[in-house]
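Beneath this line is the structure, given in structure tokens, with notes to follow.
Taken together, the values in this text are just the output of simple stated rules run on the coordinates, not laboratory data. Just so it is clear, the structure is predicted and the values come from calculations on it, not from any experiment. Cβ coordinates were reconstructed from backbone atoms using ideal geometry, including for glycine residues, and neighbour counts include every protein chain displayed.
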Amino acid sequence: MSAANRRIAETTIACYDRFARAFWDGTRHHDVSQNYAALLNAIESAPPYSILDLGCGPGRDLIYFRSLGHEAVGLDGSRQFVAMAQAHSGGEVQLFLRLATVFQDRRCLNCHTATDFPRQGDDGHRHIMLVRRGPEDKGAGGLPCGTCHRFSNSQAGVPGADDWHLAPLRMSWEGLTVGEICRSLFDPARGGMTPTALIPHLNTDLVLWAWFPGVDLNGVARRPPPLRHDEFTALAKNWVSMGASCPP
Ligand code: HEC
Ligand code: HEC
């Protein structure tokens, strides 16, 4: 490399190093889904793919490709970017991506809706009998949730647990990306949890119900979330102890 080129390279990398944090904050939310799709569609072999991300920056795309199960390796000239990419695509964020398979499961989303009504089933259809949220998330029009939902599941197909009601709208997860769900948990205006309060919450009745969901009106067993409850809480503990970082 000529001296002039070397100088240009060094200045450029030094600039990225200095503004690494601002670069991450400014680009992590860019919607590049079309670029992802174009790249993945152009690869002809069978997945999972081995992807080399030259100039990986803080690791946004590495996180995404790894979340799909591909083997993504990043290289970058900026030390700051490499450190960030390692943190983002490594440990904690990967842990939350696994936790999110539960948060985004229908057993949870059917109560954590963004709508004026609960949802049901694995297809998330609107709750039957025009049941509505009501002012306190416990039903409206003289039809509180507790009329039908009792302390435990009924043989006839009505699920039950103590104080059965919808999660408040500010805790709705429907339509959110995994990163958005993650940040909403500790956002004072949304969930307002603290990391230490999260773990005990995962052992409360309504959350636990998802692992003992009973049978539906047709007598068919409802499907529990994709991780066992003890795996889920152990992962959550690890994630919290590592600093509870969120995916982009
Ligand atoms: C009139 C009786 C009745 C009322 C009132 C009622 N539900 Fe239900 N709910 C049911 C029945 C019956 C089912 C089971 C439907 C099925 O399995 O097909 C059900 C299922 C559900 C499910 C589905 C669980 C799943 O993952 O599939 C949720 C969530 C739910 N109700 C929430 C509520 C909430 C919250 C309220 C109050 C706002 C409420 N329900 C009010 C009868 C009622
Ligand atoms: C029957 C309805 C219902 C089901 C099913 C349910 N939740 Fe909730 N969830 C609630 C309610 C109600 C709250 C609000 C609790 C409160 O205000 O103390 C809540 C709050 C939460 C919170 C705190 C949210 C925040 O942003 O701080 C978490 C975390 C949570 N639920 C996890 C889950 C998970 C994980 C599942 C599935 C495994 C689940 N919930 C299933 C009703 C439900």
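Shape class for region 1-49, computed from the alpha carbon gyration tensor (a ≥ b ≥ c): oblate, with a/c not under 1.5 and a/b at or below b/c. With all pairs of different C-alpha atoms in the average, the Kirkwood value for the hydrodynamic radius of region 102-241 is 15.7 Å. With semi-axes defined as the square roots of five times the eigenvalues of the C-alpha gyration tensor, the equivalent ellipsoid of the chain measures 43, 19, 16 Å, largest first. If contacts are Cα pairs under 8 angstrom and at least 6 residues apart, what is the relative contact order of the chain in percent? Result for the chain is 17 percent. When each of the peptides 28-37, 8-17 is scored by how many other beta carbons lie within 10 Å of its residues on average, the order from highest to lowest is 8-17, 28-37. Taking amide H as placed 1.01 Å from N in the peptide plane, the amide H of ILE51 sits under 5 Å from that of GLU71, ALA72, VAL73, each at least 5 places away or on another chain. For region 125-133, 3J(HN,Hα) computed residue by residue from phi via the Karplus equation (6.51, -1.76, 1.60; θ = phi - 60°) reads 6, 4, 4, 5, 6, 6, 4, 10, 5 Hz, glycine and proline entered as x. May I ask you to derive the relative contact order of region 3-89, considering only C-alpha pairs under 8 Å and at least 6 residues apart, and to give it as an integer percent? RCO, region 3-89: 31 percent. Which value in nm describes the separation of the simple spin-label points at LYS138 and ILE13, placed 7 Å from the Cα toward the beta carbon? For LYS138 paired with ILE13, the spin-label model returns 6.3 nm. Taking only the C-alpha atoms of region 161-248, Rg followed by Dmax gives 14.3, 44 Å. Amide hydrogen proximity for ASN153: with H placed 1.01 Å from N in the peptide plane, the residues at 5 or more positions away or on another chain lying under 5 Å are GLY160. Distance from the alpha carbon centroid of region 99-140 to that of region 144-198 works out to 9 angstrom. Using θ = phi - 60° in the Karplus curve 6.51 cos²θ - 1.76 cosθ + 1.60, the 3J(HN,Hα) couplings for region 47-56 round to x, x, 8, 9, 10, 9, 9, 7, x, 6 Hz; x is entered for Gly and Pro. Only helices enter this figure: runs of n ≥ 4 DSSP H residues, each worth -39500 (n - 2.57), summed and divided by the residues of the chain, yield -12000 deg cm²/dmol at 222 nm to the nearest 500.
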